[in-house]
Amino acid sequence: MSFLTDFKTFLRADEPLAPHTWFGLGGSAEYLAEPETVDQLAALVRRCKEDQMPVRMLGGGSNILVRDEGVPGVVIKLSGDEFSKIVVSESQVTAGGGAKLGHVISTAIREGLAGLETLVGIPGTMGGALHGNAGSHGGDVGQRTAKATVMTRSGELVERTREEMVFAYRQSSLDELVIVEAQFDLESDDPVALTKRMQKHWIVKKASQPMSHQSAGCVFKNPRGMSAAMLIEQAGLKGTQIGQAMVSDRHANFIIADEGASSDDVRRLIELVQSRVQERLGVELETEIEIW
Ligand SMILES: Cc1cc2nc3c(=O)[nH]c(=O)nc-3n(C[C@H](O)[C@H](O)[C@H](O)COP(=O)(O)OP(=O)(O)OC[C@H]3O[C@@H](n4cnc5c(N)ncnc54)[C@H](O)[C@@H]3O)c2cc1C
């Protein structure tokens, strides 16, 4: 039986990925799968391994640039309800890999649980946040992660304890294929005070980032002890444009895509920024966003 027929209830062929990403650019996935249950996910992952089909996870698409040529193999998105659950028990919040990070944060705040509010305004899913240890205002998601359930490329579910996980700047040791669920250890606090703190973080974030444009947040990682935005600005690159992609003049580590931009415009601009910063300041910039 064909791949498509076997998983027809939750798999589509030749699915455009632009609407699934914040950049809104790029080509199609050979297959896009949106399993509803862990069993469906496991069956699909095992079959991909048997057929040697490339497979990738897509969260909210806020840290990905899809190439214009599209993506071979299967892209899996955890959109089903089973993957979006958020459960609170005492001072712990457990969330599915497909749950929106914003929903996890607002649930914790409503329940008077502190520890995630510094992450307000980071788009995407819990799975995507944990994969890249998303962070903001001095905090990151890894700091509060007590355990995680992951699925390997063989379709096996494995639990990772706090001791087994390592988190660093935009890096986590959770490199199995799927982050299925995670639990966060939080602290009791007054919901009103928490809401105020969250609003403060939100205002600071909104003021510094061009959030209303098509972008994928910070394009480059901050090199140790330095700010990528500052380096790009010092290299005189604010406002530099290729096609319809431009280095934001509000935050130099953002590339914004205007109407008519192609993924290739963004990719060429990334390369230009890297080579100019290297040439003028002798620093190598590594991308924070993933190019598929
Ligand atoms: C306006 C804007 C502001 C931003 N601000 C910040 C910020 O302040 N701090 C910050 O750290 N980032 C920021 N980002 C970047 C981005 O939001 C984060 O990296 C976010 O955590 C990515 O989550 P996502 O669900 O969108 O992941 P995606 O972009 O969909 O995927 C990113 C990576 O995670 C993997 N992944 C996704 N889901 C899973 C899963 N369930 N299991 C395993 N792997 C998975 C993907 O395969 C991919 O490798 C910003 C982006 C935008 C557009």
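What do you reckon, is ALA13 touching a strand residue (DSSP E or B) at 6+ places or on another chain (Cβ under 9 Å) and closer than 27 Å to GLY260 by Cβ?
no
Which of the residues belonging to region 89-117 are of a type outside the set (Asp, Glu), surrounded by fewer than 22 Cβ atoms within 10 Å (Cβ to Cβ) and in contact with a strand residue (DSSP E or B) (Cβ under 7 Å, 6 or more places away or on another chain)?
Within region 89-117, SER91, GLN92, THR94, LYS100, HIS103, THR107, GLY112, ALA114, GLY115 meet the criteria.
Determine if region 237-247 includes at least one residue that is outside the structural domain of PRO16 (by TED's automatic domain parsing), assigned to a loop (DSSP other than H, G, I, E, B), over 24 Å from the mean Cα position of the chain (by Cα) and β-branched (Val, Ile, Thr).
yes
Exactly one condition in (1) within 21 Å of the chain's Cα centre (by Cα); (2) surrounded by 14 or more Cβ atoms within 10 Å (Cβ to Cβ); (3) of a type outside the set (Asp, Glu); (4) in a helix (DSSP H, G or I) is not met by LYS206; state its number.
Here LYS206 meets the rest and fails (2).
Here are the criteria: (1) more than 17 Å from the chain's Cα centre (by Cα); (2) on the phi > 0 side of the Ramachandran plot. Tell me which single one THR149 does not satisfy.
It is condition (2) that THR149 fails.
Could you check, for region 31-38, whether at least one of its residues is over 15 Å from the mean Cα position of the chain (by Cα), among the β-branched types (Val, Ile, Thr), surrounded by 19 or more Cβ atoms within 10 Å (Cβ to Cβ) and over 21 Å from GLU290 (Cβ atoms)?
yes
The values are calculated or read from the model by the stated rules, or taken from the named source; none is laboratory data. Predicted model only: the values in this text are computed from it and were never measured. Counting neighbours? That spans all protein chains shown, and the Cβs are built from the backbone with ideal geometry, glycine included.
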